[in-house]
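The values are calculated or read from the model by the stated rules, or taken from the named source; none is laboratory data. Computed from a prediction, not measured in an experiment: that's the story for all the values here. In this analysis, Cβ positions are derived from the backbone assuming ideal geometry, glycine residues included, and neighbour counts consider all displayed protein chains. The accessibility values were calculated without ligands, DNA or RNA, using every heavy atom of the protein model including side chains. Shrake-Rupley method; radii C 1.70, N 1.55, O 1.52, S 1.80 Å.
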Amino acid sequence: MPRTVAPHGSWTSPITAERLVERAIGVQDVTTHGGRIAWCESRPNEEGRYVVVAAGPDGEPVELTPPGFSTRTQVHEYGGRCWTLDGADLIGSNWEDQRLWRFAPGAEP
């Protein structure tokens, strides 16, 4: 890339705020339940969707929040957690309707 000299603040940078965070995943609410580890991920590249993930039997991450849902609530914006595990099921609030849902593996919510 050729060098360009320009006054301070007038040059265009290829680095944007969106580019800095597009693949960044925030991790929060790490917990253990029934001998497994689960956590919630905030995903800017999925329009800020929150997904609960657990370590599978082989240690690989398994998404517990199905597509189309975001496990987040307005009630707990300042602390607390909007999801819990009940055996293999995830019980969590969905951002769109603020209702509690049960997500069981292989079943409809």
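Descriptive notes on the structure:
- Answer residue from segment 2-36, given it is out of contact with any strand residue (DSSP E or B) (no Cβ under 6 Å at 6 or more places or on another chain), outside any helix (DSSP H, G or I) and aliphatic (A, V, I, L, M) and is surrounded by the most Cβ atoms within 10 Å (Cβ to Cβ) among those: Ala24
- If you filter segment 93-103 down to residues that are exposed (fewer than 13 other Cβ atoms within 10 Å of the Cβ) and not basic (Lys, Arg), you find that the one that is nearest to Glu22 (Cα to Cα) is Glu96.
- Each residue in segment 42-92 was checked for being closer than 28 Å to Glu18 by Cβ, open to solvent by 40 Å² or more (accessible area, probe 1.4 Å) and in contact with a Gly (Cβ under 7 Å, 6 or more places away or on another chain), and 0 pass.
- Test result for Trp39, in contact with a strand residue (DSSP E or B) (Cβ under 6 Å, 6 or more places away or on another chain), of a type in the set (Phe, Trp, Tyr) and either open to solvent by 30 Å² or more (accessible area, probe 1.4 Å) or at positive phi (or both): yes
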